[in-house]
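To start, the structure under review is shown below, and the notes come after it.
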Amino acid sequence: MAEPEAPARLHHVAVGSPDVESLARFYREVFGLRECARKFDSTGQLRSIWLDLGGPILMLERSHGVIPRVEGVGAGPFLLAFRVSREERSELERELEARGHPIEARTAFTSYARDLDGNRVGFSHYPEP
């Protein structure tokens, strides 16, 4: 069997939300993600907002129902983690806390909080000391 020419690369991550507009605004304002597309359903209602992750795309998809809250390490996806500089980490902590999103945990390299829908987000400067 021939080896693939390049390893598989992440194309996108999809996150469901009952309010994609508000969640997209959160990620644009807090993490500086650029909006790259809006998708609408057959009735013209907003279905999805796509944000650029610097290669892969974060697809925020309209969902219905309750979003389960994952504590710690859960089965399946349980965290969106962003690469930041050490200085940006401190700034993001202050920004999130000012917006009412307390920092839940910290390690030597990473801080953890929640987005508007309660999804866990991290921002890390690993391996920068």
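Against the condition at pLDDT 90 or above and either assigned by TED's automatic domain parsing to the domain that holds LEU116 or loosely packed, with under 12 Cβ neighbours inside 10 Å (or both), how does PRO68 come out, does it pass?
So PRO68 fails the test.
In the set VAL30, VAL121, only one residue is farther than 22 Å from LEU10 by Cα and surrounded by 15 or more Cβ atoms within 10 Å (Cβ to Cβ); that residue is VAL30.
Evaluate the following for ALA81: is it among the hydrophobic types (A, V, I, L, M, F, W, C), in contact with a Pro (Cβ under 7 Å, 6 or more places away or on another chain) and surrounded by 11 or more Cβ atoms within 10 Å (Cβ to Cβ)? Judged against the criteria, ALA81 is not a match.
Candidates GLU91, GLU87, GLU128: the one that is farther than 21 Å from HIS12 by Cβ, in contact (Cβ under 8 Å) with a residue 40 or more places away in the chain and either among the hydrophobic types (A, V, I, L, M, F, W, C) or exposed (fewer than 14 other Cβ atoms within 10 Å of the Cβ) (or both) is GLU128. At least 1 residues being within 16 Å of VAL121 (Cα to Cα) and of a type in the set (A, V, I, L, M) is the threshold, and among the strands (runs of 3 or more DSSP E) wholly inside the range 7-68 those reaching it are 12-17, 46-52, 57-62.
The values are calculated or read from the model by the stated rules, or taken from the named source; none is laboratory data. Since this is a predicted model, take the numbers as computed values, not measurements. Here the Cβ is made from the backbone with ideal geometry for all residues, glycine too, and neighbour counts use every protein chain on show.
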